[in-house]
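Remarks on the structure that follows.
The values are calculated or read from the model by the stated rules, or taken from the named source; none is laboratory data. From a predicted model like this one, the values you see are computed outputs, not experimental measurements. Reconstructed Cβ throughout: ideal geometry from the backbone, glycine too, with neighbour counts over all protein chains shown.
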Amino acid sequence: MWNEYKRTWYFFRRNTLAMVGLGIILAFVIVAVYAIATPVPWNALTLYCGTSGGTVSCANEVCTYTPPAAPPGPNCYATPNGFPAFVAPTISLSTLSLGPLPFGSLSTTDGGTPYFYNIFDGLLRGTDWSLFISLSVVAGGALIGLLLGAVSGYMGGLVDETIMRLTDIFLSIPFILWVIIVVAVVSTDLGSVISASYLSIYILIVALMAVWWPTYTRIVRGQVLVVREQKYVEAARASGAKRGRIILRHIVPNSVYPVFVQMSLDVGTIPLLIGTLIFLGFKLFPTVYFPEWGDMAANAVNPFLITGIFDDCVIGLCTIPWWQLFFPGIVIFLFAISVNLFSDGVRDALDPRMRR
Amino acid sequence: MRMWIYIIRRVLLLLPVIIGVMTITFVLINALPIVDQMEALYGCTPKACDYTVGSPLYNRAYAALGFGEPVYTRWAVYMFHALTFNWGTVSAESSVGKSLLVGVATAGVPVATVFSWLLPYTLELALLSLAIILAVAIPLGNLAAVNRNRPVDQASRVLSFSGFALPSFLLGSLILIGAVIGIGSLINFGLIHTPWCPSGELVYSEFSGSWPTTACFAGDIYPSWLLHSGLQSTPTGFPTIDALIHGNYWLALDTLIRIILPALVIAFGTIAVLLRYVRNSMLEVMNLDFVRTARAKGVEESVVVNRHAGRNSLNVTLTVLGLTFAGFLAGFPVIESVFSLNGIGYILAIAVDNQIGSFDFGVIFGSVILFTYIIVTANIIVDVLYAYLDPRVRLG
């Protein structure tokens, strides 16, 4: 077993792109650990000065002020650290500046009220939320899929037939449609109960899990059908092991590799999926300005921004706030591409035909 | 004859999928509050849309949908309606009912009718995307397989992963912003971001100086000769074909230009998936005996790659492509709403945007059922094509 891991690692290590992927993933994990280790209370504020007239005059300045007191200047914007928050009530895009460095500020809108938030803070605090949501959805979905697939593949017969037809039904429709109807139904049913509370995030996770398992079930079943015929399973059965023990101790451990590959692929797609849902208009988080990458990317292309860009261009003050499209986008991109490269490397390392 | 038996068997095997999907949608609909169920399944017109308990509409819907009956009766009623394309009516209170689609108010119109208006638009976009995908993915995939693990292969791998990793709403918006700012004075991008208008009127973009302005107009700002609904009749429903039938070549060109950028965005995301399949199936075929024989015979390398290996590797590609294309027909909710294109995905995007009105569950569930039909048909077509192309597939 240990030798097998070492051999896999040996072949994995020779794949440069996969190693780059692993490096980026590790960097994200370190950032997430940092974000968890230094929790920021709601009322701790980082402040920055806004600008007017389209010139970035005081983007680097950090003012100090505590919420009940009046802001020291007319363009001094308060941003609760981690929970990007409210700012200037009236602002035109032509006066939009980069905002606090290094990544600038992200403007979004909720029912016409503009909100600005610190992109660096949002991305930093978003790391743990994004990883948490992605990992829990994928882990939950994979666990359900693993159990159903193992049972289905091992038992065969009517059980197999039932589970596989159910899987077919779920897989026959694009995933996004299932997510849309489940989230729409759940948010209609529970809308008033969950608004403005963390509960909505947990419900989102469960809703995603509920439609996430079929791919895994199919993968695991295929794998189990192969493993089940192996000699060691036969030996276990001959020595009188119970069915549950055979499934959990012999079959599942030997069918999980493809599941790991699929899991690492899926982890990267969840921030994209969440961004897509928010872009389509779902309220998934307690606030419109929530530190989650998908949410930030979707907010970066909000109507306020895009119509604002077009309107301003008409009057000759064309400002493209590239930073708010670029930074959330690049983080999602890096995360997704790194898990893709990583899982591709793992797959190649595990597949003897792909080894060089 | 054997082919017919094969087709019939495939259809019968897919029946459980249709019934299953509909049953799951039935379960989900039943999880909704009763008034939402009625709105979804019974709909309402702007004149009468009062679903408070005890109102005449409520009572009629209660009887028609069989709410007094046991669950299995309601399931049977639901299945009957779902199978006969009776997917409810667009409710006047919903976000879809409050918007204009294809320049027409849809409140009170049956969901299936609205879909039949929109499907041709999506189909045109899907076909253009497919053309781009075919033109790029297959040659590039073959190239990557031939140059395995060389720079070309690595580059195509990174390109393919980029397609997975870039959110399409972000890429689409970037391209839209770039296009409007860069070539806005050359091309009128037309309808931009309809769902963002507070009252849901159409958003027209209009030339003002060198930049197109966007605003919410209910009126006829857009030149009528460029407006699809400005045509006297729409015999086929396909915007480009209709324009050609009427001899309005500028409109046809305009319609095509509008879908080029969205098609590129869609293609970029899909090429990612297809490229891997083309490459891997090509790699598998390249290792087979007949390819080695061909090489040993001294057949030119380009002929080996294109004729011997290329053609034989197309089977897997065809399957993936068929199902991808079927997936396209579910519409592109994100891309169609970024570029404000009419289509199946666009109406779904409006239906789930509850800032304008309530969710339109009739449209949401209708698109699931519509898509089930599409995917089942596509599955059968792909299976039959597969059997036709590869004699080794047993029809039995």
Original post:
Does the range A:341-351 contain any residue that is over 24 Å from the mean Cα position of the chain (by Cα), at pLDDT below 75 and more than 9 Å from chain B (Cβ to nearest Cβ)?
Top reply: yes
Original post:
Here is a list of conditions, (1) within 11 Å of chain A (Cβ to nearest Cβ); (2) within 30 Å of B:Leu174 (Cβ to Cβ); (3) of a type outside the set (Asp, Glu); (4) part of a helix (DSSP H, G or I), and B:Leu283 meets all of them except one; can you say which number that is?
Top reply: (2)
Original post:
How about the range B:295-330: which of its residues are crowded, with 19+ Cβ neighbours inside 10 Å and among the small types (Gly, Ala, Ser)?
Top reply: B:Ala309, B:Gly310, B:Ser313, B:Ala326, B:Gly327, B:Ala330
Subject >> Sole exception among (1) among the small types (Gly, Ala, Ser); (2) modelled with pLDDT of 85 or more; (3) within 30 Å of A:Ile320 (Cα to Cα) for A:Gly21, by number >> reply: (3)
Subject >> Filtered residues of the range B:339-358 (kept if at the interface with chain A (Cβ under 10 Å from one of its Cβ atoms), in contact with a Leu (Cβ under 6 Å, 6 or more places away or on another chain) and in a helix (DSSP H, G or I)) >> reply: B:Ala349
Subject >> Any hit, the range B:69-82, residues being touching a residue at least 24 places away in the same chain (Cβ under 8 Å), surrounded by 15 or more Cβ atoms within 10 Å (Cβ to Cβ), under 30 Å from the mean Cα position of the chain (by Cα) and within 11 Å of another protein chain (Cβ to nearest Cβ) >> reply: no
Original post:
Can you tell which of B:Ile335, B:Ile347, B:Ile369, B:Ile356 is more than 18 Å from the chain's Cα centre (by Cα), among the aliphatic types (A, V, I, L, M) and within 30 Å of B:Met22 (Cβ to Cβ)?
Top reply: B:Ile356
Subject >> Flag for A:Ile278 being part of a helix (DSSP H, G or I), facing chain B (nearest Cβ under 10 Å) and on the phi < 0 side of the Ramachandran plot >> reply: yes
Original post:
Which pairs have Cβ atoms under 8 Å, sit 6 or more apart or on different chains, and link a residue in the range A:1-15 that is of a type in the set (Val, Ile, Thr) to one that is surrounded by 11 or more Cβ atoms within 10 Å (Cβ to Cβ)?
Top reply: A:Thr8/A:Val346; A:Thr8/A:Ala349; A:Thr8/A:Leu350
Original post:
List, please: which pairs have Cβ atoms under 8 Å, are six or more places apart or on different chains, and start with a residue in the range B:57-68 that is touching a residue at least 12 places away in the same chain (Cβ under 8 Å) and end with one that is among the β-branched types (Val, Ile, Thr)?
Top reply: B:Tyr58/B:Val35; B:Tyr58/B:Thr52; B:Leu65/B:Val77; B:Phe67/B:Ile34
**OP:** Would you please name the residue that is farthest from B:Ile335 (Cα to Cα), looking only at residues in the range B:98-138 that are of a type outside the set (A, V, I, L, M) and in contact with a strand residue (DSSP E or B) (Cβ under 8 Å, 6 or more places away or on another chain)?
**Re:** B:Gly108
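Collect the residues in the range B:328-338 that are at the interface with another protein chain (Cβ under 9 Å from one of its Cβ atoms) and assigned to a helix (DSSP H, G or I), keeping them in residue-number order.
Taking the range B:328-338 as the starting set, the residues that turn out to be at the interface with another protein chain (Cβ under 9 Å from one of its Cβ atoms) are B:330, B:333-334, B:337-338.
Hits for the range B:328-338 are B:Pro333, B:Val334, B:Ser337, B:Val338.
Residue-by-condition table, conditions (1) farther than 27 Å from A:Asn302 by Cβ; (2) within 14 Å of another protein chain (Cβ to nearest Cβ):
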| residue | (1), (2) |
| --- | --- |
| B:Leu134 | yes, no |
| B:Ala144 | yes, yes |
| B:Leu170 | no, yes |
| B:Leu174 | no, yes |
Original post:
Going by the structure shown, is B:Ile374 part of a helix (DSSP H, G or I), touching a Leu at 6+ places or on another chain (Cβ under 7 Å) and not basic (Lys, Arg)?
Top reply: yes
Original post:
Can you name the condition, by its number, that A:Gly145 falls short on among (1) over 18 Å from the mean Cα position of the chain (by Cα); (2) within 26 Å of B:Val35 (Cα to Cα); (3) away from chain B (no Cβ under 14 Å)?
Top reply: (2)
Original post:
Between a first residue in the range B:301-320 that is at positive phi and a second residue that is of a type in the set (A, V, I, L, M), which pairs have beta carbons less than 7 Å apart while being 6 or more apart in sequence or on different chains?
Top reply: none
Subject >> Flag if A:Pro114 is over 24 Å from A:Ile306 (Cβ atoms) and modelled with pLDDT under 75 >> reply: no
Original post:
What about A:Val151, is it under 20 Å from A:Glu229 (Cβ atoms), surrounded by fewer than 18 Cβ atoms within 10 Å (Cβ to Cβ) and away from every other protein chain (no Cβ under 14 Å)?
Top reply: no
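If I filter the range A:261-275 for residues that are modelled with pLDDT under 75, of a type outside the set (Lys, Arg) and surrounded by fewer than 21 Cβ atoms within 10 Å (Cβ to Cβ), do I get at least one hit? If you could, list the steps in order and put the result at the bottom.
Step one: filter the range A:261-275 for residues modelled with pLDDT under 75, giving none.
So far as the range A:261-275 goes, no, none of its residues is modelled with pLDDT under 75, of a type outside the set (Lys, Arg) and surrounded by fewer than 21 Cβ atoms within 10 Å (Cβ to Cβ).
Look through B:Val291, B:Val285, B:Val265 and report the one residue that is surrounded by 16 or more Cβ atoms within 10 Å (Cβ to Cβ) and within 18 Å of the chain's Cα centre (by Cα).
B:Val265
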Subject >> All helices (runs of 4 or more DSSP H) inside the range A:156-261 with 1 or more residues being within 13 Å of chain B (Cβ to nearest Cβ), of a type in the set (A, V, I, L, M, F, W, C) and closer than 30 Å to B:Leu13 by Cα >> reply: A:157-171, A:175-194, A:199-210
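Okay, residues lined up against (1) buried (at least 17 other Cβ atoms within 10 Å of the Cβ); (2) among the aromatic types (Phe, Trp, Tyr):
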site: A:Thr127; (1), (2): yes, no
site: A:Ile133; (1), (2): yes, no
site: A:Val159; (1), (2): no, no
site: A:Phe170; (1), (2): yes, yes
site: A:Val185; (1), (2): yes, no
site: A:Tyr198; (1), (2): no, yes
site: A:Ile203; (1), (2): yes, no
site: A:Met209; (1), (2): yes, no
Subject >> Within the range A:338-347, tally of residues that are crowded, with 24+ Cβ neighbours inside 10 Å and over 10 Å from A:Ser264 (Cα atoms) >> reply: 1
